[in-house]
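*Asks:* Quick one: structure below, then a few questions.
The values are calculated or read from the model by the stated rules, or taken from the named source; none is laboratory data. Please read all numbers here as calculations on a predicted model, not as lab measurements. Cβ coordinates were reconstructed from backbone atoms using ideal geometry, including for glycine residues, and neighbour counts include every protein chain displayed.
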Amino acid sequence: MSGQRVDVKVVMLGKEYVGKTSLVERYVHDRFLVGPYQNTIGAAFVAKVMSVGDRTVTLGIWDTAGSERYEAMSRIYYRGAKAAIVCYDLTDSSSFERAKFWVKELRSLEEGCQIYLCGTKSDLLEEDRRRRRVDFHDVQDYADNIKAQLFETSSKTGQSMSSSRKLQRITSVWRLSR
Ligand SMILES: Nc1nc2c(ncn2[C@@H]2O[C@H](COP(=O)(O)OP(=O)(O)OP(=O)(O)O)[C@@H](O)[C@H]2O)c(=O)[nH]1
């Protein structure tokens, strides 16, 4: 679908509305789009060219639709992915249950895929800590268990972003794949 050479395939997974598209926007364009929420239909592709040491690497990022209606389609997009960013909304516990669903699938069907767990919308917690519905330490234990990296981030503020910098750790996937 992309028609572009891709060195590392990355897939975004997670419940609808958790902020996958916003994370990609922040990472690729360093911006946060305001306006009415528009759910992704099927999946969207974005390429990001980056330098890793003396090499140029093209990340091909597949942003899947979170709606369960598109679940079967999302499976097509994670095939052969070197990395999966499995997102959950820090203010929505059900979204973490959905994240665990995707982790389980990846662990059984895409063993070579490095999993990154991403708690989104951390700015909402800065406004009011009582909005947190997913405990950091619980997720850290879970992440250790599944050998995943964990980061909490805000695409809105770009703060502790963490998303940009930490997502760049994906380049380690490239090194692994050489
Ligand atoms: N406060 C806040 N809102 C966010 C953040 N990231 C995303 N949102 C909002 O959350 C809503 C959903 O964001 P999307 O990025 O479209 O979510 P998605 O996971 O791609 O959704 P689907 O396409 O349905 O799977 C939008 O209204 C965003 O503006 C964030 O970091 N902070």
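*Asks:* Restricting attention to segment 72-95, report how many residues are under 19 Å from Val6 (Cα atoms) and in contact (Cβ under 8 Å) with a residue 60 or more places away in the chain.
*Replies:* Result for segment 72-95: 9.
*Asks:* Being touching a residue at least 24 places away in the same chain (Cβ under 8 Å) and touching a Leu at 6+ places or on another chain (Cβ under 6 Å) is true for just one of Trp102, Trp62. Which residue is that?
*Replies:* Selected residue: Trp102, the only one of Trp102, Trp62 that is touching a residue at least 24 places away in the same chain (Cβ under 8 Å) and touching a Leu at 6+ places or on another chain (Cβ under 6 Å).
*Asks:* Tell me the helices (runs of 4 or more DSSP H) entirely within segment 1-118 that contain at least 1 residues that are among the β-branched types (Val, Ile, Thr) and farther than 30 Å from Arg131 by Cβ.
*Replies:* Counting at least 1 such residues, we get 71-78.
*Asks:* Any idea which residue in segment 1-23 is nearest to Ile76 (Cα to Cα), counting only those that are among the β-branched types (Val, Ile, Thr) and near the ligand (Cβ under 8 Å from one of its atoms)?
*Replies:* Thr21
*Asks:* Among the residues in segment 44-51, are any in contact (Cβ under 8 Å) with a residue 60 or more places away in the chain and surrounded by 12 or more Cβ atoms within 10 Å (Cβ to Cβ)?
*Replies:* There is at least one residue in segment 44-51 that is in contact (Cβ under 8 Å) with a residue 60 or more places away in the chain and surrounded by 12 or more Cβ atoms within 10 Å (Cβ to Cβ).
*Asks:* Could you tell me which of the residues Tyr27, Tyr17 is among the aromatic types (Phe, Trp, Tyr), surrounded by 14 or more Cβ atoms within 10 Å (Cβ to Cβ) and at pLDDT below 95?
*Replies:* Going through Tyr27, Tyr17 in turn, just one is among the aromatic types (Phe, Trp, Tyr), surrounded by 14 or more Cβ atoms within 10 Å (Cβ to Cβ) and at pLDDT below 95: Tyr27.
Let's see how each residue does on (1) in contact with an Asp or Glu (Cβ under 6 Å, 6 or more places away or on another chain); (2) surrounded by 16 or more Cβ atoms within 10 Å (Cβ to Cβ):
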position	(1), (2)
Ile41	no, no
Val57	yes, yes
Ile61	no, yes
Gly66	yes, yes
Ala81	no, yes
Asp89	no, yes
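*Asks:* Here's another thing I want to ask about it. Out of Glu71, Glu111, which single residue is surrounded by fewer than 17 Cβ atoms within 10 Å (Cβ to Cβ), modelled with pLDDT under 95 and under 22 Å from Gln38 (Cβ atoms)?
*Replies:* On inspection, the qualifying residue turns out to be Glu71.
*Asks:* At pLDDT below 95 and within 10 Å of the ligand (Cβ to nearest atom): which single residue out of Thr153, Thr91, Thr171 fits that description?
*Replies:* Thr153
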